[in-house]
Amino acid sequence: MIYWSIYPLEVVLEGYDDPRRQPQLVEMQIEGMTMVVEHVGRAQVRIHRLVSPRPSDYLNPRFAPGEILCLSSLNGLDGLI
Amino acid sequence: MNNQAQPPQYDPNYPERIFPTPDEQGTSAGTAIAENIERLGQTNPVADESNIYCLTIVGQVEGHIMLPPQNKTTKYEHIIPQLVAAEQSDKIEGVLIILNTVGGDVEAGLAISEMIASLSKPTVTLVLGGGHSIGVPIAVASDFSFIAESATMTIHPIRLNGLVIGVPQSFEYLEKMQERVTRFITLHSRITEQTLKDLMLKTGELARDIGTTVVGRDAVQYGLIDELGGLGPAMAKLRELMEQSRVQRGRMMVQ
């Protein structure tokens, strides 16, 4: 990666090699989409990445990165891969 | 009689409820609001179907490496499919890109810039706050660019980081990376290569680096950005470009 920014690299990458600060990511199938999520609290996940071949899925604000989903309210949850 | 109110149930169609389908919009927008009150106990404003797609690029442009959580990032793997969706959608006629970015991954930023530049629909970018480093090619990628009077753009050379094999190789490599960015910027704006390089290599302006901070009006003077303005002018320009492309498409249909 070539990083080009006005922020110094040491500020941007601070804590990069600290495993405690790295989120534990898992892949899940949610409503027919593959999502890379992080568990936050009970039955809640924060979306980190969406993997879907349908461009329209990316326009849905519910599935934007950073959104929190409540697993109990979801349909089509196929569980952990 | 079971008159008890039913607890709100999850409905897989719920997301579509917020964004009504075209036929719903005209005939039963009121019903949709009523349903929202019933279902959620609140009045979600029924969003009208806009023919403009607004994309915001803020914070760091995140590419191949996931940045630590203290960074606010825009992930390019999310931006790219959104641009694809905007391109293929029949309803979307123009894209407005709002930028306030401090820079980030060169590859990711160039990928986004190329996507914006090759979009067949009219695009307008608006730089608010800042469009620094890799934000510069993204800002110039559109058909027409605006910068707010108070917004700034930092133009400075790509610095060395990452895996370094040897001095001559890395120098060559950096030069090549820089060349890609410079070429893109000069191709998509009115600035000359010489002016851009002069701004980039200027000393005495930045505390930690060589380069220049270009404020709103100067960016227009150097030819980097097309016009000074905020949201209103940007939107008016986008509508004008959309109208032009509509006329053009109409003409093609006649032929």
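Please treat every number below as a calculation from the coordinates, not as lab data. It should be emphasised that the depicted structure is a prediction, and the values quoted were computed from it without experimental measurement. Backbone-built Cβ (ideal geometry, glycine too); neighbour counts: all protein chains shown.
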P(r) of the range B:109-157 in 5 Å steps, Cα pairs, percent per bin? 5, 24, 29, 24, 12, 5, 1
Which stretch or stretches of the range B:99-116 have amide N atoms under 14 Å from the point lying 7 Å from residue B:187's Cα along the Cα→Cβ direction? B:110-116
Amide H contacts under 5 Å for residue B:73, restricted to residues at least 5 apart in sequence or on another chain and with H modeled in the peptide plane, are B:60
Full-extension gain in nm, residue B:255 to residue B:203, via 0.36 nm per residue minus C-alpha separation: 13.1 nm
Share of Cα-Cα pairs in the range A:22-80 beyond 19 Å, in percent? 18
Students often check this: by mean Cβ neighbours within 10 Å, which of B:123-136, B:57-70, B:106-119 ranks highest, and how do the rest follow? B:123-136, B:106-119, B:57-70
Sorted by chain and number, the residues with a modelled amide H under 5 Å from that of residue B:53, at a separation of 5 or more or across chains, are B:93, B:94, B:95, B:96
Compute the orientation-averaged projected area for the range B:52-242 from the convex hull of its Cα atoms and round it to one decimal in nm². 11.0
